[in-house]
Amino acid sequence: MKLGITHCNVGRLAHPEPAAVLALQAEAAGIESLWTVDHIAFPDHIVTRYPETPDGKLPFPPDTALAEPLIWMSHVAAHTVKVKLGTAVVVAPQRETLLLAKQLASLDVITKGRLIAGFGVGWMREEFEAVGAAFHRRGAILDEQITALRGVWEGSAVASGPLVRFERVHSHPRPTGGTVPIHIGGYSEVAARRAGNVGDGYFPGGYELNDRLTELIAVARHHSIASGRCGPGLDVTARWTKDPEALGDRVFVERAAAIGIDRLVVPASLFEGPHGPERLAQAVETVRTI
């Protein structure tokens, strides 16, 4: 079982000094990966329901600092040497494909191959409208983007889909290992199928080991085997807890491993303050032998 920290670019951690301190403490404690989240903008008036809270409201005020994830990871990469850096997730359909390919490849080179590119379709219609992106076609756009990104990275850069289209181009540098691992985020069967069919990993989200999560992981792995993409080796990440008292819950970690989870992530907020290093050590010790 691998252990990561998520929401690393939110609040105080959007600023350079706290971000560097967290990254250095995490790497020293044996944390495997740091994960960022993505919102370009929060409109004043949001009608779209947030899918992860009972009332459908954002879990933090819209004026909360949230650093652009790729820039935040570039900063942290300069302070670390081995911890992996991932996005959970970048809302790729809001971003121009060739620019995203260049940014991710450059970041992978800067980090010497430590990058994991997590993509999602997004959920906030108002944000898509604010940035001029097509909300109702976001799933189809992401599918074409994944094919195009890999083409750019592997040197066969032609995109001929109806939504992502460009003639043959050259874009360097290319990623350290020839490509960047792509993980698909989303707590839905559509996301699970997409992860299995075209992804290297799956990030369903959620904080409960319930029947729904077990089913989604099974769907993702079934499609990964059927597609021949990663087979049973699909890398599955799920969230652990928001409760610092639960960081010693070995039973939860064992149950997570039993349903096919390879990595658990914990919110960065649990590791802020004077007890941060102590909690980091406890979390690492809990998962170390699973």
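The values are calculated or read from the model by the stated rules, or taken from the named source; none is laboratory data. In this text the structure is predicted, and so the values were computed from the model without any measurement. Heads up, the Cβs are rebuilt from the backbone with ideal geometry, glycines too, and the neighbour counts pull from every protein chain shown.
Before moving on, here are some points about what is shown:
- Just one of (1) at negative phi; (2) in contact with a strand residue (DSSP E or B) (Cβ under 7 Å, 6 or more places away or on another chain) fails for Ala218. It is (2).
- Looking only at segment 69-86, and only at residues there that are in contact (Cβ under 8 Å) with a residue 40 or more places away in the chain and part of a loop (DSSP other than H, G, I, E, B), the one that is nearest to Asp38 (Cα to Cα): Val83
- Options Gly201, Gly205: the member that is surrounded by 15 or more Cβ atoms within 10 Å (Cβ to Cβ), under 18 Å from Asp143 (Cβ atoms) and among the small types (Gly, Ala, Ser): Gly201
- Figure legend. Inter-residue proximity from segment 1-23: first residues assigned to a helix (DSSP H, G or I), second residues basic (Lys, Arg), beta-carbon distance below 8 Å, spacing 6+ or different chains. Indicated pairs: Pro18/Arg12.
- Inside segment 108-129, residues that are touching a helix residue (DSSP H, G or I) at 6+ places or on another chain (Cβ under 6 Å) and part of a helix (DSSP H, G or I) make up a count of 3.
- Tally of residues being crowded, with 24+ Cβ neighbours inside 10 Å, more than 22 Å from Pro54 (Cβ to Cβ) and of a type in the set (A, V, I, L, M, F, W, C) across segment 185-198: 2
- Within segment 130-147, the only residue that satisfies the criterion of being farther than 19 Å from Ser188 by Cα, small (Gly, Ala, Ser) and assigned to a helix (DSSP H, G or I) is Ala130.
- For Leu66, the requirement of being modelled with pLDDT of 95 or more, aliphatic (A, V, I, L, M) and under 21 Å from the mean Cα position of the chain (by Cα) is met.
- Considering segment 148-173, the residues that are free of Cβ contacts under 8 Å to residues at least 40 places away in the same chain and part of a helix (DSSP H, G or I) include one that is surrounded by the fewest Cβ atoms within 10 Å (Cβ to Cβ), namely Glu154.
- Total residues in segment 116-129 satisfying the condition of being of a type in the set (Phe, Trp, Tyr) and either surrounded by 22 or more Cβ atoms within 10 Å (Cβ to Cβ) or farther than 14 Å from Gly185 by Cα (or both): the figure is 2.
- In segment 121-171, residue farthest from Gly205 (Cα to Cα) [restricted to those that are of a type in the set (Val, Ile, Thr) and touching a strand residue (DSSP E or B) at 6+ places or on another chain (Cβ under 8 Å)]: Val158
- Of the strands (runs of 3 or more DSSP E) contained entirely in segment 183-290, those carrying at least 3 residues that are touching a Leu at 6+ places or on another chain (Cβ under 9 Å) fall at 235-239, 263-267.
- Any pair with Cβ under 6 angstrom, 6 or more apart, that starts in segment 95-106 at a residue that is of a type in the set (Val, Ile, Thr) and ends at one that is surrounded by 17 or more Cβ atoms within 10 Å (Cβ to Cβ) and not in a helix (DSSP H, G or I): Thr97/Val164
- Condition met for Thr48 (hydroxyl-bearing (Ser, Thr, Tyr) and more than 20 Å from Ala238 (Cα to Cα)): yes
- Segment 24-40, residues that are surrounded by 16 or more Cβ atoms within 10 Å (Cβ to Cβ) and part of a helix (DSSP H, G or I): Gln25, Ala26, Glu27, Ala29
- Condition met for Pro43 (of a type outside the set (Gly, Ala, Ser) and in a loop (DSSP other than H, G, I, E, B)): yes
- Filter result for Thr214 (surrounded by fewer than 19 Cβ atoms within 10 Å (Cβ to Cβ), within 25 Å of Leu107 (Cα to Cα) and polar (S, T, N, Q)): no
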